Every structure is written in C-alpha cells, then in structure tokens.
Amino acid sequence: MESPRDVYLASCQEISRRFEGAGFRYAKSGPRFSRGDVDFKYTVSFQSSVYNIAGQHVRLWMYAGVGSKALMALRKAHLPEKMVTDYAAGGMAQNLLGRSRPVVEWDLADPSTRHAKILEVVAFLNDNIIPYFDMFLRPGDLVDRLIAEDVPAMDFPSSLEFALCYRGEDAARLVLAGFQERRRDLLPEIERIENEGLKSPHIGPSGYAEQVVYYRRSYNL
C-alpha cells in the first residue's frame, strides 16, 4: 500500500510540474513552487495532515504568498528588526478568494481518482491563485485598489506599506483614510490610543486600532 507521505510528495511534484512553463520552480523541501522577478516572489506551499491514513486519507492544503524586496527594505528603514519581513500578501488558499469559505482541501488517497483531483488543484490555482499573483505585476493599479477597498489576504499594515513603497506618502495617507472610513467603529479607540499612547510600543501593535496609530507614527503619516 502506498504511504501517505509518498502520495503527498508525488502529487505536490506533479502539480508543480504543470507550472514550470510559467517560470515556477519546485522545491521538495517545502514542498512548494515559486517564481521570482526583480522585486516580487510568488510562492505556493503545500501542507498535509499528521492524521493521514494509508489508503483512506491523504489531505492536501495550500498556502499562497507574495514577497517584496522593496517592502522589506522599507520596513528595515522604519521598523524594529523583529518586524522586518518581505511579506506583501497571502495566507491559506481560500483566503485569497475574497469571500468567506471553508478550508480548500483535496483528498489524494484513492489512486483511481487521484489524477482527477490533481487536475482540480491545477485548475483552482490557474483560476484563483495565478490571477491573484498577477495583480502585483502592476503595482500602481494595485495601489488604486487598496485606496478604494480591502484586498483579500492583504492586511492593513501591508496595504499601507505597499502604497507608501510603490506610490508614496500621499497614496499611503489615502489608504489609511479609506481604512478608517470603512472601519468607523475603530475611531473612538484610535482617538483614545492617540491620546494615551500604545500599551507596549516595544513589541508593536496588538489590534487594528493600535496598528493605525503605530504605522502612522512609524512612517510619519
């Protein structure tokens, strides 16, 4: 009987192989596949369950993320070292879809349906994750969207920093203003924190209201 680990790794490699033509490279150590350019790096990572059972269950979950060298440099110039990463956006695959839904998963245990499941994964990536990655090919257009609305799997700090990095202070202020307009429920707490200060500024912000104050001060906005 096939071991769950062998099924899982072989399936990850097969899925990744289908994206080689688009410039992605597979890393078994992830397992993941990724593609980079001058600034951005796009990564799809796989995960499975410790409760897999040979012949019964071999779960497959996915994460997708975008990293930015320019964002990392910006953070390095303004934030404590422990808060410096290249993270721009990402998370579990379903979080990139812009709507609330259960965990996206596939079961690869049955060899008679495995190929079809792999094709489902490939289709999901082509329909959802690759278009998400493509947003970052036009940073200016993405900043326009960040000003107007929340972008799935892109948190407030990253949205603010992305606008600052790729469009400048005026765009960052518009992202900040738009976020506060959409979250007017936070305004009293933001005002309180502005007056009283952050609870633990040495470890960073602990919630949305603190994030607004912390990042506005950190980037002099």
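List of remarks:
- Sub-6 Å Cβ pairs linking a first residue in segment 134-161 that is under 22 Å from residue 44 (Cα atoms) and touching a residue at least 60 places away in the same chain (Cβ under 8 Å) to a second residue that is in a helix (DSSP H, G or I) and among the polar types (S, T, N, Q), at least 6 apart or interchain, are 153/95, ordered by first then second residue.
- Wholly enclosed strands (runs of 3 or more DSSP E) of segment 17-79 bearing at least 3 residues within 28 Å of residue 162 (Cβ to Cβ), hydrophobic (A, V, I, L, M, F, W, C) and not assigned by TED's automatic domain parsing to the domain that holds residue 157: 40-47, 59-68
- Restricting segment 179-221 to residues that are hydrophobic (A, V, I, L, M, F, W, C) and in a helix (DSSP H, G or I), the residue that is farthest from residue 155 (Cα to Cα): 193
- Looking only at residues of segment 4-38 that are under 19 Å from residue 55 (Cβ atoms) and of a type in the set (Gly, Ala, Ser), we find that the one that is surrounded by the most Cβ atoms within 10 Å (Cβ to Cβ) is 11.
- Subset of segment 150-184 that is among the small types (Gly, Ala, Ser) and surrounded by 20 or more Cβ atoms within 10 Å (Cβ to Cβ) - its residue that is farthest from the chain's Cα centre (by Cα): 171
The values are calculated or read from the model by the stated rules, or taken from the named source; none is laboratory data. All values derive from a computational prediction rather than experimental measurement. We place every Cβ from the backbone using ideal geometry, glycine too, and count neighbours over all the protein chains shown.
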